[in-house]
Amino acid sequence: MAKVLMKGNEAIAEAAIQAGCRYFFGYPITPQNEIPAYMAKMLPKVGGCFIQAESEISAINMVYGAAGAGARVMTSSSSPGISLKQEGISYIVGAELPCLIVNIVRGGPGLGGIQPAQSDYFQAVKGGGHGDYHMVVLAPASIQEMVDLVMDGFDIADRYRNPVMVLGDGMLGQMMEPVEFKERDIVLPEKPWATTGNKDGEPRRIINSLFIDAQALEDHVHKLYRKYDEMKKNETRVECYNCENAEIIIVAYGTTARIAKNVIQMAAKEGINLGLIRPITLWPFPDDTIDRWAEADHTKAFLTLEMSMGQMVEDVRLSVNGKKPVYFYGRTGGMVPTPRAVLEEIKKIREVM
Amino acid sequence: MAQEIIISGFGGQGVMSMGQLLTYAGMLDGKNVSWLPSYGPEMRGGTANCSVILADDMIGSPIVTEATALIAMNLPSLEKFEQALVPRGLLIVNSSLVNKKAKRDDIDAYYVPANEIADQLGNFRVANMVMLGAYLEKTQAVSLDSVMKSLREVLGPSKEHLIPINQKALERGAQLVTSIHQRV
């Protein structure tokens with residue numbers, strides 16, 4: 001199919017529809033409003049259902065219900081709205097239901113601002129909701145990748161009966177880039193556990209996250225963790241760019257990974273060899289890849305680049321495990337680092353290296 | 001070489017659509033392209049701007065901080081973004097609304113009375129196309145053919161009748177900067 005020019009938010013919505021999603025429940029918030037707007041316009045045309053709920057809490061619980069009935073379903077919001085959804089997300093994980101949750105991150109804490117940020121990393125990968133749980137967190141860096149990951153995200157959610165989160169930011173949501181919607185065979189899996197109405201003689205199907213007996217709950221959590229082990233084995237994605245011979249490797253995802261590529265090009269002109277490790281899944285985190293490059297003799301240091309005060313840097317430090325120094329540079333509150341400012345930071349690191 | 005353009009003006013001057021048109025045309029020409037709007041808490045009558053990148057190589061950040069060109073539709077835009085131009089960068093000012101000259105002398109500045117020309121053509125809304133015509137003439141960033149195709153795409157069948165006046169506006173903008181160039 002030919003390429004079309006699309007806003008990130010609209011591309012997410014179109015990708016979801018093409019992936020067979022027919023149910024969307026949400027509540028408006030900048031900078032992701034193009035997603036519900038697109039869904040409101042398009043879903044009725046394909047036999048789907050869009051509901052603007054009375055709140056984010058209501059929306060995520062509608063997702064819970066639809067997922068329990070076996071529907072391919074999603075919701076989207078931005079940071080403060082995603083905070084409101086956390087209880088529901090924890091329930092959905094506990095009840096082992098698949099769905100897609102999109103967070104187009106803006107600056108926080110509190111109502112914060114509406115400009116792009118990456119300060120919801122902790123919330124996305126370290127829980128957010130309560131209890132022992134994880135979900136696959138996908139971090140696209142282009143509109144094309146947003147489309148591909150949204151489509152993959154639904155399949156990953158079904159494969160493990162677990163929610164998947166797409167973590168973007170205001171810049172990726174608002175910008176336009178050419179995108180191609182590749183033909184895909186959409187095969188929705190059988191869902192023998194879904195509550196679709198009791199038929200004669202069939203055992204009752206129950207969607208539940210309550211395990212009042214401690215041993216039963218521990219068994220359940222152990223079962224969930226066997227799924228997380230499978231996710232770690234099968235779903236980890238990462239891009240390595242120019243890492244061979246790099247003296248400093250930048251670790252960045254999404255928007256800041258794009259900025260890092262500018263920095264690498266600028267540095268090359270000054271004879272400085274930089275690389276980029278770009279986690280595409282923030283959970284599972286590509287710790288093996290980072291460890292491998294930390295082992296390399298040519299790697300002298302890492303710089304984690306984020307639009308936050310330093311969240312992913314903790315996972316980078318755990319992955320590097322003291323083998324090489326890990327530095328951090330970040331802007332927050334909706335400020336986007338400039339390539340030149342990052343290059344200056346690199347030069348400072350080289351002086352002390 | 002990559003074109004990194006800032007287009008800026010009041011809301012309603014067609015700043016966003018000018019940028020989208022240019023981006024669309026770049027895509028049709030087979031370039032890598034990106035378009036990024038400002039989406040701050042702007043009010044009606046406030047400033048609006050967008051960043052457009054047209055490149056043969058991959059595009060990193062879509063934010064333009066070192067612009068090869070600035071299209072300034074009003075005075076606040078000139079004052080805000082003049083310093084973002086690279087040396088020898090291209091500045092196109094809407095002199096219908098801006099009565100100041102650029103402060104820098106290391107850039108190529110052109111002053112285009114876009115509103116007057118648009119009025120002469122019979123539709124004040126095509127002032128943005130006059131500016132875009134001037135930009136395209138100076139940079140040859142994308143082919144006119146692709147711009148016209150994009151225009152059809154963006155306007156859609158219901159506004160097909162607006163194609164000729166938009167085309168004229170592009171041509172007038174182009175002619176104007178050519179004649180300025182010849183005088184210099």
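Assorted remarks:
- Ranked from largest to smallest solvent-accessible area, with a 1.4 Å probe on the protein heavy atoms, A:His220, A:His130, B:His161 come out as B:His161, A:His130, A:His220.
- The protection proxy used here, the mean number of other Cβ atoms lying within 10 Å of each residue, ranks peptides A:58-64, A:190-196 as follows, highest first: A:58-64, A:190-196.
- Considering only B:Gln120, B:Val142, B:Leu132, the residue lying farthest towards the positive end of the dipole of the stretch B:3-183 is B:Gln120, judged by Cα position with unit charges set on Cβ.
- For the stretch A:191-237 and the stretch B:1-50, distance of Cα centres in Å: 48 Å
- DSSP-defined beta bridges in the protein assembly as shown - what % are antiparallel, rounded to 5: 35 percent
- Range in chain B, longest, excluding exposed trypsin sites (Lys or Arg not before Pro) [loop by DSSP; at most 16 other beta-carbon atoms within 10 Å]: B:105-184
- B:Ser34, B:Ser158, ranked by accessible area, largest first (probe 1.4 Å): B:Ser158, B:Ser34
- Distance from the Cα centroid of the stretch B:104-163 to that of the stretch A:310-353 is 43 Å (rounded to whole angstrom).
- Total formal charge among the other residues, if their Cβ is under 12 angstrom from that of A:Asp148, Lys/Arg +1 and Asp/Glu -1: -1
- Average partner coverage of B:23-32, which counts Cβ from other chains inside 10 Å: 3
- For the pair B and A, total buried accessible area rounded to nearest 100 Å², probe 1.4 Å: 1800 Å²
- The share of accessible area on the stretch B:3-183 that comes from carbon and sulfur is 50 percent, using a 1.4 angstrom probe.
- The loop-placed GluC sites (Glu not before Pro) in the stretch A:1-77, going by DSSP, that have at most 15 neighbouring Cβ atoms within 10 Å of their Cβ come out as A:Glu54.
- Net charge contributed by nearby residues that have their C-beta within less than 12 Å of B:Ala114 (K/R +1, D/E -1): 0
- Simple point charges give the picture: +1 on the Cβ of Lys and Arg, -1 on the Cβ of Asp and Glu, and for chain A a dipole about the Cα centre of about 460 debye.
- Solvent exposure of the protein assembly as shown as accessible area per residue, Å², 1.4 Å probe: 42 Å²
- For the stretch B:3-183, lysine pairs separated by 8 or more sequence positions, or belonging to different chains, with Cα-Cα distances below 21 Å total 12.
- Rg/Rh for the protein assembly as shown, where both radii come from Cα atoms and Rh is the Kirkwood radius: 1.01
- For the stretch A:175-211, a reduction of at least 30 Å² in accessible area between the chain on its own and the assembled protein chains (probe 1.4 Å) is found at A:Met175, A:Met176, A:Pro178.
- Whichever lysines have a C-alpha closer than 29 Å to that of A:Lys323, once near sequence neighbours (fewer than 8 apart) are set aside: A:Lys126, A:Lys232, A:Lys233, A:Lys261, A:Lys269, A:Lys300, A:Lys347, A:Lys348
- Net charge of neighbours whose Cβ lies under 12 Å from the Cβ of A:Val221, counting Lys and Arg as +1 and Asp and Glu as -1: -1
- Its convex hull of Cα atoms gives the stretch A:239-352 a direction-averaged projected area, equal to a quarter of the hull surface, of 6.3 nm².
- Shown here for the stretch B:104-184: GluC sites (Glu not before Pro) in loop regions (DSSP other than H, G, I, E, B) with at most 14 other Cβ atoms within 10 Å, of which there are none.
- Expressed as a whole percent, the accessible area of chain A that falls on carbon and sulfur atoms is 52 (1.4 Å probe).
The values are calculated or read from the model by the stated rules, or taken from the named source; none is laboratory data. Fair warning: this is a prediction, and the values are worked out from it, not measured in the lab. Note: ideal-geometry Cβ built from the backbone for every residue, glycine included; neighbour counts use all protein chains shown. In case anyone asks, the SASA skips ligands and DNA or RNA and just uses the protein heavy atoms, side chains included. Shrake-Rupley method; radii C 1.70, N 1.55, O 1.52, S 1.80 Å.
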